[in-house]
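All remarks here apply to the structure that follows.
The values are calculated or read from the model by the stated rules, or taken from the named source; none is laboratory data. In this text, all values refer to a predicted model and were calculated from it rather than measured experimentally. Here Cβ is always computed from backbone atoms with ideal geometry, including for glycine, and neighbour counts include all displayed protein chains. Ligands, DNA and RNA are stripped out before the accessible areas are found, and what is left, the full protein with its side chains, is counted by its heavy atoms. Shrake-Rupley method; radii C 1.70, N 1.55, O 1.52, S 1.80 Å.
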There are 2 protein chains.
Amino acid sequence: MASINLIERILEGFDPVGNGLDNDFVLTKLTAMKGCGCKVPRDVLLQLLETFKTDLVINNEEVDIGLDSCVIPLRHPGLRLVQTTDFFYPLVDDPYIMGRITCANVLSDLYAMGVSECDNMLMLLGVAVDLTETQRDIIVRLFIQGFKDAADEADTKIRGGQTVRCPWLLLGGVATSVANESEIIKPLEGSRCKLLRMDKEKYGKIEEFGLVSAKIMTAFKQVCEQMCRLNRNAAKLLHKYEAHSSTDVTGFGILGHAENLARVQKQPVEFIIEKLPIIEYMDEIADKMIAAGGEGFRLFEGRSAETSGGLLIAMSEKNAKEYIQELHSLDRAPAWIIGRVAAKTNDSVARIIPNVLRQSISSSL
Amino acid sequence: MASINLIERILEGFDPVGNGLDNDFVLTKLTAMKGCGCKVPRDVLLQLLETFKTDLVINNEEVDIGLDSCVIPLRHPGLRLVQTTDFFYPLVDDPYIMGRITCANVLSDLYAMGVSECDNMLMLLGVAVDLTETQRDIIVRLFIQGFKDAADEADTKIRGGQTVRCPWLLLGGVATSVANESEIIKPLEGSRCKLLRMDKEKYGKIEEFGLVSAKIMTAFKQVCEQMCRLNRNAAKLLHKYEAHSSTDVTGFGILGHAENLARVQKQPVEFIIEKLPIIEYMDEIADKMIAAGGEGFRLFEGRSAETSGGLLIAMSEKNAKEYIQELHSLDRAPAWIIGRVAAKTNDSVARIIPNVLRQSISSSL
């Protein structure tokens, strides 16, 4: 199978029939949970992981469970093993796009540590048991193709994995890099600086509240493109612009990941989010959901789960401005300064200011 | 939670009530498939993976998809990344034992390459959605404890992973080692030699055919002990006794893995299996199942899936005998010469001789 043009594919939308599937085939129906909505809640997870507590280490040498990637000193001087894994369920209906998103999401955890070279990828796949053989073959091939195309784009290769049968279609991977110490930005060096964020808001199923379908489709396509986008250039530039700290935004939403990042700083800090970049039309949808008594994805609380988000970076204000310019010239995609870091005397926190600025992001597709 | 004595735990059996669960709680009911029975069939998998075909590499530098572990040359001279992943479903009812089995099984793929030092482990966990919170907390804690105790035994640490909600309880891990070239035995160097196998037959649910429960329980306990056993000493000794080739026996059964190993030899070979070591009473059970029209686990065909099996090793007959002696002195567990390797003029194969010798293995517990 030849490599597929991503943007064309997104703009065309997924055609089940053209791919050999029935007209009413819907990939996302193969699971009751989508994307990062499948995560075990953060507080429960931390409790369950307490068995590891005696081992938990975050220092200059080593980063343990609980952050984007683990970093392990190797038997070989100067080298560190940087490694991450993620798996979840389909949240868009094109298996090819899901393959790209899955790979981008796994890689993103390496990129969040400033590591831009991935030495190996493993692919994790649970094949839904209620697929026919034909459906299975079509879906799995498309998924693998998407995963592989994203890996190619990242100059890495898939050289292993595991495939099992499962009630739901399960998609994931493992990314590993053996890096020199100097390649790694550990989430430890927070100081007073600006917060910068490349926004990639994404949403699950959208209920109808008298919304305009065409606008939803435009937003959806933008979301797909954002989720497939690699944070690789973002990672490379972390070094040049002396980022103090970095993480990628996924299942816990921007505020959840800001809290995680604040929690591991050497000195107590406050991450103050003053701006929420939001994909065009999404704020309107969220407002209508909230008006109808819903949670509106908890978007304005900063708790909207993202499957494959951008990086949340702390760096000096001056560097942040230059970083955004250079990243834009490489990726043709925007990034924003979304807040600031303040010193604190006691426990680190992250918060969103009341009346946070909602910055609407229009599609570049 | 303190470390748990494995053998005591196996001999006592799992007590749901003593662990805070209901009397009728059965872990293996949380999935419709057990252990390696969940694998996508080998021929289907190879077809689906054909997307990667242009990348498939097995040479002196690199080992790609399709074997126990992948081996990747790194940017750092002389070093290789050796990496493997596995995940599956519960096949015994004690979550602690399942944790140990899962970890042993993942590590086994490294050990099959002669790599005895694991630099990092990731833990993969799908938490069954229909568990109550109490059940979830008890089961996940026990599973993690078992996984961690096995990792401790292997002198490695768990420093990352992913946890999602899933209809079935899903258990797995990733093992990674950055090794010197000399630490790795690539599955390439087959020549005329004896086949050696450390047997760890295991079985799923056993239907009643007028069998003796006490004998089944003894066999079951032996199976648990075997599945929890690390192949680490077996891996270390591969180097000392100049193994030509090695793999670990899991989901495809001993013949399936022998076929895989034969397939990647430089020169055409035939692996001839002359002896099947079988856990005591299992041959009787299989015979009765076959007499009743069943498949008898396909045990005598060499296709009985194992979740966490032993190593299948090719080495000279003289060395094999010494290897078995030394391994026994380290592990207090047996190993056997089970066949031989013959040269062939065309495609490599593996086969079991007609009237294969069934060697019954009695429990050492």
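Restricting segment A:125-182 to residues that are of a type in the set (Ser, Thr, Tyr) and part of a strand (DSSP E or B), which is farthest from A:Asn233 (Cα to Cα)?
A:Thr163
For segment A:258-312, give me each residue that is charged (D, E, K, R) and either assigned to a loop (DSSP other than H, G, I, E, B) or in contact with a Gly (Cβ under 6 Å, 6 or more places away or on another chain) (or both).
Those that are charged (D, E, K, R) and either assigned to a loop (DSSP other than H, G, I, E, B) or in contact with a Gly (Cβ under 6 Å, 6 or more places away or on another chain) (or both): A:Lys266, A:Glu274, A:Glu280, A:Glu295, A:Glu301, A:Arg303, A:Glu306.
When you go through A:Lys240, A:Lys275, A:Lys236 one by one, which is the residue that is open to solvent by 10 Å² or more (accessible area, probe 1.4 Å) and within 30 Å of A:Val212 (Cα to Cα)?
A:Lys275
Answer yes or no: is there a residue in segment B:91-111 that is closer than 22 Å to B:Cys224 by Cβ, surrounded by fewer than 21 Cβ atoms within 10 Å (Cβ to Cβ) and in contact (Cβ under 8 Å) with a residue 12 or more places away in the chain.
Yes, segment B:91-111 contains a residue that is closer than 22 Å to B:Cys224 by Cβ, surrounded by fewer than 21 Cβ atoms within 10 Å (Cβ to Cβ) and in contact (Cβ under 8 Å) with a residue 12 or more places away in the chain.
In segment A:112-136, which residues are touching an Asp or Glu at 6+ places or on another chain (Cβ under 6 Å) and open to solvent by 10 Å² or more (accessible area, probe 1.4 Å)?
None; the set is empty.
Could you say which residue among B:Asp15, B:Asp43 is open to solvent by 10 Å² or more (accessible area, probe 1.4 Å), of a type in the set (D, E, K, R) and modelled with pLDDT under 75?
Exactly one residue qualifies, and that residue is B:Asp43.
Among the residues of segment A:128-142 satisfying the criterion of being within 11 Å of another protein chain (Cβ to nearest Cβ) and without any contact (Cβ under 8 Å) to a residue 12 or more places away in the chain, which is nearest to A:Trp168 (Cα to Cα)?
A:Arg136
Spot the failing condition for A:Ser108; the list is (1) under 12 Å from the mean Cα position of the chain (by Cα); (2) more than 26 Å from B:Leu48 (Cβ to Cβ), and only one is missed.
Of (1) under 12 Å from the mean Cα position of the chain (by Cα); (2) more than 26 Å from B:Leu48 (Cβ to Cβ), only one is false for A:Ser108: (2).
Yes or no, residue by residue, for (1) out of contact with any helix residue (DSSP H, G or I) (no Cβ under 9 Å at 6 or more places or on another chain); (2) facing chain A (nearest Cβ under 7 Å):
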residue: B:Asp94; (1), (2): no, no
residue: B:Thr102; (1), (2): no, no
residue: B:Ile144; (1), (2): no, yes
residue: B:Glu181; (1), (2): yes, no
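Pull up segment B:166-183, narrow it to residues that are surrounded by fewer than 22 Cβ atoms within 10 Å (Cβ to Cβ) and out of contact with any Ser or Thr (no Cβ under 9 Å at 6 or more places or on another chain), then point me to the one that is modelled with the highest pLDDT.
B:Asn180
Working only within segment B:104-121, note down all residues that are facing chain A (nearest Cβ under 10 Å) and within 19 Å of B:Thr307 (Cβ to Cβ).
The answer is B:Val106, B:Asp109, B:Met121.
When the residues of segment A:313-352 are filtered to those that are more than 22 Å from A:Glu242 (Cβ to Cβ) and in a strand (DSSP E or B), which remaining residue is least open to solvent (accessible area, probe 1.4 Å)?
Step by step, filter segment A:313-352, then rank; the result is A:Ile352.
Which condition breaks for B:Asp86 when tested against (1) within 8 Å of chain A (Cβ to nearest Cβ); (2) more than 20 Å from A:Gly173 (Cα to Cα); (3) at pLDDT 85 or above?
For B:Asp86, the exception is condition (2).
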